[in-house]
Protein chains: 2
Amino acid sequence: MIDRKQLALNKLRGLGDEVLEPLLQEEVPNIKIPSRGTGNIIYNEDKRYFELGERKGTRSLGNVKQIKKMAQMMCVGNFCKELVNIQKTATMREMYYVSEGWDVGFDNQQESNNITEDIEVTLGISREDLGLLPEEDGAAVYGDITLRDEDVEFNALRLGKSGYTIPPTVDDVEIVGHDVDRIICVETMGLYHRLVQEHAYEKFNTLIVGLKGQAARATRRFIRRASDELKVPVYICNDGDPWGFHIAMVIISGSAKLAHVNHDLATPDAKFLGVTASDIINYDLPTDKLKDIDVSRLKELSGDPRYRGKFWQTEIKKMLKLGKKAEQQSFSKYGLEYIVDTYLPNKINAIEGENTL
Amino acid sequence: MIDRKQLALNKLRGLGDEVLEPLLQEEVPNIKIPSRGTGNIIYNEDKRYFELGERKGTRSLGNVKQIKKMAQMMCVGNFCKELVNIQKTATMREMYYVSEGWDVGFDNQQESNNITEDIEVTLGISREDLGLLPEEDGAAVYGDITLRDEDVEFNALRLGKSGYTIPPTVDDVEIVGHDVDRIICVETMGLYHRLVQEHAYEKFNTLIVGLKGQAARATRRFIRRASDELKVPVYICNDGDPWGFHIAMVIISGSAKLAHVNHDLATPDAKFLGVTASDIINYDLPTDKLKDIDVSRLKELSGDPRYRGKFWQTEIKKMLKLGKKAEQQSFSKYGLEYIVDTYLPNKINAIEGENTL
């Protein structure tokens, strides 16, 4: 943990030097900033996630139009240096208000967000490492994992029914120990509470992660760290529709928008555990008709490099042909326990080898 | 806790008897259902929250148009009886899917939600007591409160930085002990984390509750129970705009939509701790201009019986005249610590008496 903070400080110092040193030698400072344009967001087939390419732009103090942005970058960098030094954090919104006291301010928060992203891509580290946090907390976690946050140690089986909530400062949390064989993420808190209630954490010896829809940055970072540090398989069980697919895919292969931090956020080995078009047929699930927007989204996904594999191509085609989608909770047709007693064991055994469970 | 379940079972049995007994005597069963129409939602000046009036409708098996709804009520009632008996819960969505296996189903979830509300108002208890839960978890809680959920006991200072998350099953949670003098609720998780980081729980000897915007039912129930059982004042510090006001007011005096359960959810003694129009002026806060929708919402609120008091009438008028609104986080203009070091102590001392803190 200390290493990430030290790294952040070193990189911030480097950025300052890049401007200061030319000035001291009476030269014009220039900063190279990796481009975040779509042309520079590249899917890396080996790493299996989006990352930024080599294209860079130059921001120069010699260009009148760029002076303000350079000054803003220095101010944000300085603010972040303070945060990391005193071991505090601030939300992007707080920084925006703090900037009212700076010599160079921002016209609106979009402007300060952009400058923060400029610094992220230039330094190659995430805003969280710079002490700047998103507003929202991450997922809920239930199961036998022991964590330490500062001087407090706790086990995610013993925090009440809602489990452990991943904080935005997830990299300050140490994974002390665990006794699980796998991690199962689910899209809705409805299914999360079902799995807790049916003791899925014991039956499958698993961590249960309740994503609460689109996974927050902190959730993606936690899943990545849990995958690396626990060295157990990660499964994602979402609704059987393009939105459920994509919530899973952003965890697996990252988003294009965050190409510059996917190396910390993506979990390429995580696997989609359903609901698929095949499940809809095999389990005769209650369905809704695909809407126009579902159809066009499915077509978009089928052309996305992250969905190039045979599994996704087959399932997307099958869903388009079927014209139907189904929710996770639709298994309740067969009783509340069915998803834990039948569906999940079937799926996990199919992936891990028959009779794993 | 056991009492609530027993009460629910008794009431469900009573509902069944109301239909069964006439049938056994070859008479036509009728059920009286309190009206949820706006004309029957009354603000009780003494209790200081919305409740349902005396108006009732009759649902009769003798009316061909009402037979299906009567049957649906019996099916939902029966399902709930099972849930309470086996001490399980289900989401409304799960019940909707489970109903696929019933003799009388629903055309869509709105229909099953309506029938559930019919049962709630008829029995005068909430769906949570019947085992039917909303999807979403409640607020985050940080501070020195010890809770027990089944066989697990824990203190909300020792669960990590995100604190304790209130589960939908909040009435199964026992408050074992506490050492706080007050409860401070805040609208955003940004401010929640600020208060945790600045050790506000020690400085003010307070529970900190992060509402996450509009408070979930579980949050409202928790705040009500904490107010009753801890017997300490409850404060709500929200954004200074009509939306922040109303998030607080729904906690204080309940919503019209849930008039039938406000006796369990409303906390009429809770107090709004800002941001007010007066604060905007006194603290010279960064503001945004009121939008048309803010203005019309403020005018709506000023005519709402919950806002009849002098405090609200003055502040709403002042904000309309000022034409400006401000967020909680705008205090960061004076530094990240200002809200904890200066603003909150000022406000609490003003309410509780000078030099409380």
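Annotations
- Set B:GLN6, B:GLN25: member being surrounded by fewer than 14 Cβ atoms within 10 Å (Cβ to Cβ) and modelled with pLDDT under 95: B:GLN6
- Filter result for the condition that a residue is among the charged types (D, E, K, R) and within 14 Å of chain A (Cβ to nearest Cβ), over B:ASP288, B:ASP304, B:ASP294: B:ASP288
- Filter pass, A:PHE245 being within 19 Å of A:TRP312 (Cα to Cα), touching a helix residue (DSSP H, G or I) at 6+ places or on another chain (Cβ under 6 Å) and surrounded by 19 or more Cβ atoms within 10 Å (Cβ to Cβ): no
- One residue stands out among those in the stretch A:248-264 that are buried (at least 22 other Cβ atoms within 10 Å of the Cβ) and within 19 Å of A:VAL173 (Cβ to Cβ): the one that is nearest to the chain's Cα centre (by Cα), which is A:ILE251.
- Of all residues in the stretch B:305-320, those satisfying the criterion of being without any contact (Cβ under 8 Å) to a residue 40 or more places away in the chain and more than 17 Å from B:LYS271 (Cα to Cα) are B:LYS317, B:LEU320.
- The one condition in (1) acidic (Asp, Glu); (2) more than 20 Å from the chain's Cα centre (by Cα); (3) more than 9 Å from chain B (Cβ to nearest Cβ) that A:GLU153 fails to fulfil: (3)
- Given (1) open to solvent by 60 Å² or more (accessible area, probe 1.4 Å); (2) at pLDDT below 95, number of the condition A:GLU82 does not satisfy: (2)
- Helices (runs of 4 or more DSSP H) wholly inside the stretch B:156-242 that include at least 2 residues being among the hydrophobic types (A, V, I, L, M, F, W, C), within 14 Å of another protein chain (Cβ to nearest Cβ) and in contact with a helix residue (DSSP H, G or I) (Cβ under 9 Å, 6 or more places away or on another chain): B:189-197, B:217-230
- Scanning the stretch B:214-231 for residues that are open to solvent by 20 Å² or more (accessible area, probe 1.4 Å) and not hydroxyl-bearing (Ser, Thr, Tyr) gives B:GLN214, B:ARG217, B:ARG221, B:ARG224, B:ASP228, B:GLU229, B:LYS231.
- Qualifying positions in the stretch B:97-126 - within 14 Å of another protein chain (Cβ to nearest Cβ) and closer than 21 Å to B:LEU15 by Cα: B:SER99, B:TRP102, B:GLY105, B:PHE106, B:SER112
- Hey, B:GLY274 open to solvent by less than 10 Å² (accessible area, probe 1.4 Å), modelled with pLDDT under 95 and at positive phi or not: yes
- Boolean, B:LEU130 is open to solvent by less than 30 Å² (accessible area, probe 1.4 Å) and either charged (D, E, K, R) or farther than 22 Å from A:LEU211 by Cβ (or both): yes
- Selection status of B:GLU315, facing another protein chain (nearest Cβ under 10 Å) and of a type in the set (D, E, K, R): no
- Identity of the residue in the stretch B:135-149, part of a loop (DSSP other than H, G, I, E, B) and more than 10 Å from chain A (Cβ to nearest Cβ), that ends up most open to solvent (accessible area, probe 1.4 Å): B:ASP144
- Taking the criterion of being open to solvent by 50 Å² or more (accessible area, probe 1.4 Å), aliphatic (A, V, I, L, M) and touching a helix residue (DSSP H, G or I) at 6+ places or on another chain (Cβ under 8 Å), the residues of the stretch A:283-329 that qualify are A:LEU320, A:LEU322.
- Residue check: A:ASN10 meets all listed conditions (1) over 30 Å from B:GLN197 (Cα atoms); (2) outside any loop (DSSP other than H, G, I, E, B); (3) out of contact with any helix residue (DSSP H, G or I) (no Cβ under 9 Å at 6 or more places or on another chain) but one, namely (1).
- With respect to the conditions (1) open to solvent by 70 Å² or more (accessible area, probe 1.4 Å); (2) within 30 Å of B:ARG306 (Cα to Cα), B:LYS65 falls short on a single one, namely (2).
- Among the residues of the stretch B:79-96, the one identified as more than 10 Å from chain A (Cβ to nearest Cβ) and basic (Lys, Arg) is B:LYS81.
- Selected residue (only one of A:VAL196, A:VAL176, A:VAL186, A:VAL180 is modelled with pLDDT of 95 or more, buried (at least 18 other Cβ atoms within 10 Å of the Cβ) and over 16 Å from A:GLU337 (Cβ atoms)): A:VAL180
The values are calculated or read from the model by the stated rules, or taken from the named source; none is laboratory data. All values derive from a computational prediction rather than experimental measurement. Glycine also receives a Cβ, built like all others from the backbone with ideal geometry; neighbour counts cover every protein chain displayed. Keep in mind that these areas ignore ligands, DNA and RNA; they rest on the heavy atoms of the full protein, side chains included. Shrake-Rupley method; radii C 1.70, N 1.55, O 1.52, S 1.80 Å.
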